[in-house]
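The values are calculated or read from the model by the stated rules, or taken from the named source; none is laboratory data. What you see is a predicted model, and the numbers here were worked out from it, not measured in a lab. So basically every Cβ, Gly included, is an ideal-geometry build from the backbone, and we count neighbours across all protein chains shown. With ligands, DNA and RNA removed, areas are computed over all heavy atoms of the protein, side chains included. Shrake-Rupley method; radii C 1.70, N 1.55, O 1.52, S 1.80 Å.
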Amino acid sequence: MQNSHINGLSGLAYLPDHFDRDAQETLLEEIRKIVAEAPLFQPAMPKTGKPFSVRMSNCGPLGWVADVNGYRYQPNHPETGKPWPAIPARLQALWSEIAPDAPPPEACLINYYSTDAKLGLHQDRDEDMFDAPVVSVSLGDTATFRVGGLNRKDPTKSFRLKSGDVVVLGGDARLAHHGVDRILKGTSTLLKSGGRINLTLRRVTAP
Ligand code: SIN
Ligand code: FE2
């Protein structure tokens, strides 16, 4: 594991090539099944109603949603009303490996980025507790990922996240600002139609 410091915060880890191609393909197959059951939806900014360019789904007992009523976690898909599918075992295993002392993850947000999608700088702070890390897995085209500090205006650092890479925002870096500036088209053959999938595992409630 490579630990990186950002703005003096420890707890940011970058694990390049954590999943090899075989593991990425198996994971992708599992995600496809989840999305067939819990289709991608288009979230919107609560204040403005402006749609995100990223489409989303979830697995796990809770899923993150965004609409005019706010940002929140809920047990059901916003369009189908059905419970989210379960978190695949290999993602649960990843969590146990990275955060052996944390309670199990409750939500896995699935973000799909077409090649023109991006995600503005933000903090993941809709959870009830921040003791557990946020664990992220990248699949498909490479993304330019930006990480900053606890204050929005802190200096930022940019990483290229490739298919199979894992990033951990834990410890002091749990509430670091982060976002995706752009997707580098044609950098991976994993997704047949291009684009990128990012999975983020989170613990939402205090055990
Ligand atoms: C997120 O912050 O929800 C996703 C980060 C990423 O796509 O790498
Ligand atoms: Fe995030």
Checklist entry - Can you name the number of the only condition in (1) over 27 Å from Leu190 (Cβ atoms); (2) open to solvent by 60 Å² or more (accessible area, probe 1.4 Å); (3) touching a strand residue (DSSP E or B) at 6+ places or on another chain (Cβ under 8 Å) that Arg55 fails? => result (1)
Checklist entry - within 11 Å of ligand 1 (Cβ to nearest atom) and not polar (S, T, N, Q): does that describe Ile110? => result yes
Checklist entry - From Arg146, Arg160, Arg202, which residue is within 13 Å of ligand 2 (Cβ to nearest atom), surrounded by fewer than 20 Cβ atoms within 10 Å (Cβ to Cβ) and under 27 Å from Ala23 (Cα atoms)? => result Arg146
Next on the checklist: The conditions are (1) more than 19 Å from Leu161 (Cβ to Cβ); (2) outside any strand (DSSP E or B), and Ala23 fails exactly one of them. Which is it?
Outcome noted: (1)
Checklist outcome for this item: With criteria (1) open to solvent by less than 30 Å² (accessible area, probe 1.4 Å); (2) free of Cβ contacts under 8 Å to residues at least 60 places away in the same chain; (3) out of contact with any helix residue (DSSP H, G or I) (no Cβ under 6 Å at 6 or more places or on another chain); (4) under 23 Å from Asp22 (Cβ atoms), His77 comes up short on (4)
Checklist entry - Out of the residues in segment 133-143 that are open to solvent by 10 Å² or more (accessible area, probe 1.4 Å) and closer than 18 Å to Gln92 by Cβ, which is nearest to ligand 2 (Cβ to nearest atom)? => result Ser136
Next on the checklist: Can you say whether Arg152 is within 23 Å of Pro75 (Cβ to Cβ), within 16 Å of ligand 2 (Cβ to nearest atom) and open to solvent by 10 Å² or more (accessible area, probe 1.4 Å), as far as the supplied structure shows?
Outcome noted: no
Checklist outcome for this item: The correct count of residues that are out of contact with any helix residue (DSSP H, G or I) (no Cβ under 8 Å at 6 or more places or on another chain), touching a residue at least 40 places away in the same chain (Cβ under 8 Å) and not in a helix (DSSP H, G or I) in segment 29-57 is 8
Next on the checklist: Among the residues of segment 111-132, are any crowded, with 21+ Cβ neighbours inside 10 Å and of a type in the set (Gly, Ala, Ser)?
Outcome noted: yes
Next on the checklist: Quick check on Ile197: is it in contact with a Gly (Cβ under 6 Å, 6 or more places away or on another chain), among the aliphatic types (A, V, I, L, M) and within 18 Å of Met56 (Cβ to Cβ)?
Outcome noted: yes
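Considering only segment 179-207, state which residues are assigned to a strand (DSSP E or B) and either under 13 Å from the mean Cα position of the chain (by Cα) or within 11 Å of ligand 1 (Cβ to nearest atom) (or both).
Here is the first cut: in segment 179-207, the residues assigned to a strand (DSSP E or B) are 179-184, 196-202.
Gly179, Val180, Asp181, Ile183, Arg196, Ile197, Asn198, Leu199, Thr200, Leu201, Arg202 - these are the residues of segment 179-207 that are assigned to a strand (DSSP E or B) and either under 13 Å from the mean Cα position of the chain (by Cα) or within 11 Å of ligand 1 (Cβ to nearest atom) (or both).
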Checklist entry - Do we find a residue being more than 9 Å from ligand 1 (Cβ to nearest atom), part of a strand (DSSP E or B) and within 14 Å of the chain's Cα centre (by Cα) anywhere in segment 168-178? => result yes
